[in-house]
Amino acid sequence: HNLRDEALATAPDGIDYLFSPHSAGNVDTYAEIMRPFGHITAIDEPPGLDLVALKEKSIAWHWELMFTRSLFGYDMSYQQQLLTRTAQLVDGGKLRSTVTKTIGSFDAEGLRQAHRDVESGRMVGKVVVTR
């Protein structure tokens with residue numbers, strides 16, 4: 001629950017790569033825990049995002065949007081290859097899913113439960129509603 005202390009306890013010399021699903025309010029901490037020339041990949045876009053704290057260490061900020069290829073007319077067969085390879089790595093135990101809860105009722109109550117879980121602010125990982 002304390003990103004700075006936990007990261008530095010695990011990697012006292014700093015980290016080289018960081019995935020950020022929630023960047024708001026974390027950029028200064030990222031600058032503290034990253035090594036020079038590190039890389040951060042983000043999937044969110046909080047209002048007023050200020051990345052100046054990363055400049056001193058030349059930390060690179062990368063955006064990821066899963067729809068960029070289709071939005072700009074790129075060949076989608078490569079996207080299929082990436083997804084197929086990812087599925088193979090998950091099935092082979094090389095990648096771990098972020099799913100931490102599965103709700104087996106794809107109905108109004110199941111969707112309400114999923115929303116309650118996410119909106120609680122205590123959800124770790126992803127919740128999936130299945131049919």
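The values are calculated or read from the model by the stated rules, or taken from the named source; none is laboratory data. Predicted model only: the values in this text are computed from it and were never measured. All Cβ positions, glycine included, derive from the backbone under ideal geometry; neighbour counts span all protein chains shown. Side chains included, ligands, DNA and RNA excluded: accessible areas come from the protein's heavy atoms. Shrake-Rupley method; radii C 1.70, N 1.55, O 1.52, S 1.80 Å.
Odds and ends about this structure:
- Residue in the range 86-94 that is in a helix (DSSP H, G or I), over 28 Å from Ile15 (Cα atoms) and either open to solvent by 70 Å² or more (accessible area, probe 1.4 Å) or modelled with pLDDT under 95 (or both) present: no
- Taking the range 95-111 as the range and being in a helix (DSSP H, G or I) and surrounded by fewer than 12 Cβ atoms within 10 Å (Cβ to Cβ) as the test, the residues that pass are Ala108, Glu109.
- Boolean, Leu71 is out of contact with any helix residue (DSSP H, G or I) (no Cβ under 9 Å at 6 or more places or on another chain) and open to solvent by 100 Å² or more (accessible area, probe 1.4 Å): yes
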